[in-house]
Amino acid sequence: MAKWNPLALKLLMWVMGVLLVMGSGLGFIGTSFFPFDTWAGVTASVAGVAFGAGVMIAGFNPEGNVSWVRALVLYAILQVVYQIFSQVTIARFDIVSFIIAILVAALLIFLYPNKAELMMQSGGMKSGGMKPGEMKARA
């Protein structure tokens, strides 16, 4: 089963990216009547499409794009929190979004090969940046 994990991880990220792009694209319909998101100078549907496209592209090499995997896990966690908050405050709950978010977060954590890098434990970031106290010389 472990030999299929890399492929499953790639497919999961790609499918979730497609769902994000599709859902955000459909959001254009609602915002054309009530454009509340543009009051802040941002169009939420465009941001969602960009995020979904980034997740799809990162899905080609999830191990090399750990930040996108982290962002997708964060999105899933925020989706769960939002659904619970929405249920408590206005009695509106989307069970499909709730279940998909839990499944996606759990599968990403289970399938990702390097858990320490995913959880940003010490030494987990490989961005090529400087270590604390290190200065780069200017040319």
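Values quoted throughout were computed directly from the atomic coordinates according to the rules given, and no laboratory measurement underlies them. Remember, it's a predicted structure, so these values are computed and weren't measured experimentally. No Cβ is skipped: glycine too gets one built from the backbone with ideal geometry, and neighbour counts run over all protein chains shown.
A few remarks follow.
- In this simple spin-label approximation, SER67 and VAL46 carry label points 7 Å from Cα along the Cα→Cβ vector, and these lie 2.2 nm apart.
- Stretch gain in nm, segment ALA53-VAL96, where the contour uses 0.36 nm per residue and the Cα spacing is subtracted: 13.3 nm
- Gaussian network model of the chain, springs between alpha carbon atoms under 10 Å - residue of ILE99, ILE109, ILE90 with greatest fluctuation: ILE90
- Contour excess over end-to-end distance, with Cα ends at LYS3 and THR38 and 0.36 nm allotted per residue: 8.1 nm
- HN-Hα J in Hz across the stretch 41-52 - Karplus 6.51, -1.76, 1.60, θ = phi - 60°, x for Gly and Pro: x, 10, 9, 4, 5, 5, 4, x, 5, 5, 5, x
- Karplus (6.51, -1.76, 1.60) ³J(HN,Hα), θ = phi - 60°, over the stretch 63-68, in Hz, Gly and Pro reported as x: 5, x, 10, 4, 5, 5
- In sequence order, the stretch 101-108 has phi-based couplings of 4, 5, 4, 5, 4, 5, 5, 4 Hz under the Karplus curve 6.51 cos²θ - 1.76 cosθ + 1.60, θ = phi - 60°, and Gly or Pro positions carry x.
- For the chain, built as a Gaussian network whose Cα springs stay under 10 Å, the top-fluctuating residue of ALA76, ALA91, ALA106: ALA91
- Of PHE110, PHE33, PHE93, the residue with the greatest mean-square motion in the GNM of the chain, using alpha carbon springs below 10 Å, is PHE33.
- Cβ-derived FRET efficiency at R0 22 Å, LEU26 paired with SER86, nearest 0.05: 0.75
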